[in-house]
Amino acid sequence: PYLLGAWLGDGKNDSGVIYSADPQVLEEIKSKGYDVLTLLGASKNCGKASAYRIVGLTSLLTKLGIAKTKKQKDRFKHIPRVYLEAVVEQREALLQGLMDTDGSIRTTGLVEYCSTSSRLASDVYELCLSLGYRAKMSTNDAKLYGRYISKRYRITFTPNRPVFRLERKLLKQKLTSVLTSR
């Protein structure tokens, strides 16, 4: 589930390639038994995202029906129903992969997940609610250098359990002591 979350956040739509500047994300993936291959031009700890192929991931994504293929160009990244209905530990791992790649944390302890995909954002919102978080979803404009790019979907909530595995993000997380209601 962590690998799926990381791919949904920073993966290439049509293959088992993930872009990352965080070696810890790659170590998490390797710890689950996956081979991670550095693609041409990637360098360690350069501060910029490099491309990595996760061996066997493309076929898994195709079986799940979420990898974009030449024959089925209408497939978009989303969380398969089987993952949204998985046991708590698996849903938490999925959320951690998503948050490590596309999540952030404010000094108040509020965490935020952002996506330009309405479907993926809706799935992440449902995932957060299923884990008992009082999540809120909002929409605004995503801009680059002041120019409109697309709509941006933001899910915010205050977690009471770790929603990151990346040490730099996890250290900033303030855990609440009371479980929020569903």
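The values are calculated or read from the model by the stated rules, or taken from the named source; none is laboratory data. The shown structure was predicted, so the numbers you read here are calculated from the model rather than taken from an experiment. Note that each Cβ is placed from the backbone with ideal geometry, even for glycine, and that neighbours are counted across all protein chains shown. Protein only, heavy atoms only, side chains kept; ligands, DNA and RNA dropped before computing areas. Shrake-Rupley method; radii C 1.70, N 1.55, O 1.52, S 1.80 Å.
With respect to V163, is the statement that it is on the phi < 0 side of the Ramachandran plot, β-branched (V, I, T) and exposed (fewer than 14 other Cβ atoms within 10 Å of the Cβ) true?
When the stated conditions are applied, V163 does not pass them.
Among the residues of the range 91-104, are any out of contact with any helix residue (DSSP H, G or I) (no Cβ under 8 Å at 6 or more places or on another chain) and assigned to a loop (DSSP other than H, G, I, E, B)?
No: the range 91-104 contains no residue that is out of contact with any helix residue (DSSP H, G or I) (no Cβ under 8 Å at 6 or more places or on another chain) and assigned to a loop (DSSP other than H, G, I, E, B).
Across the range 87-117, which residue is farthest from A67 (Cα to Cα) among those that are among the polar types (S, T, N, Q) and under 14 Å from the mean Cα position of the chain (by Cα)?
Across the range 87-117, the extreme among qualifying residues is S104.
In the range 20-37, how many are within 20 Å of S59 (Cβ to Cβ) and not aliphatic (A, V, I, L, M)?
Number of matching residues: 5.
Select from the range 106-149 the residues that are touching a Lys or Arg at 6+ places or on another chain (Cβ under 8 Å), assigned to a loop (DSSP other than H, G, I, E, B) and crowded, with 16+ Cβ neighbours inside 10 Å and list them in ascending order.
Within the range 106-149, S117, L131, G132 qualify.
Taking S59 as meeting all but one of (1) at pLDDT below 95; (2) part of a helix (DSSP H, G or I); (3) surrounded by 17 or more Cβ atoms within 10 Å (Cβ to Cβ); (4) of a type outside the set (D, E, K, R), write down the number of the exception.
Exception for S59: condition (3).
Quick one: in the range 157-182, which of the residues that are among the polar types (S, T, N, Q) and within 21 Å of the chain's Cα centre (by Cα) is modelled with the lowest pLDDT?
Residue satisfying both the conditions and the ranking: Q173.
Let's see how each residue does on (1) hydrophobic (A, V, I, L, M, F, W, C); (2) at pLDDT 95 or above:
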{"residue": "Y2", "(1), (2)": "no, yes"}
{"residue": "G11", "(1), (2)": "no, no"}
{"residue": "S15", "(1), (2)": "no, no"}
{"residue": "D22", "(1), (2)": "no, no"}
{"residue": "I29", "(1), (2)": "yes, yes"}
{"residue": "K32", "(1), (2)": "no, no"}
{"residue": "A51", "(1), (2)": "yes, no"}
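Among the residues of the range 82-105, which ones are more than 22 Å from K143 (Cβ to Cβ) and open to solvent by 40 Å² or more (accessible area, probe 1.4 Å)?
V82, Y83, E85, V87, V88, E89, Q90, E92, listed by residue number.
Going by what's in this entry, would R154 be described as surrounded by 12 or more Cβ atoms within 10 Å (Cβ to Cβ), modelled with pLDDT of 95 or more and in a strand (DSSP E or B)?
Numbers: surrounded by 12 or more Cβ atoms within 10 Å (Cβ to Cβ): yes; modelled with pLDDT of 95 or more: yes; in a strand (DSSP E or B): yes.
When the stated conditions are applied, R154 passes them.
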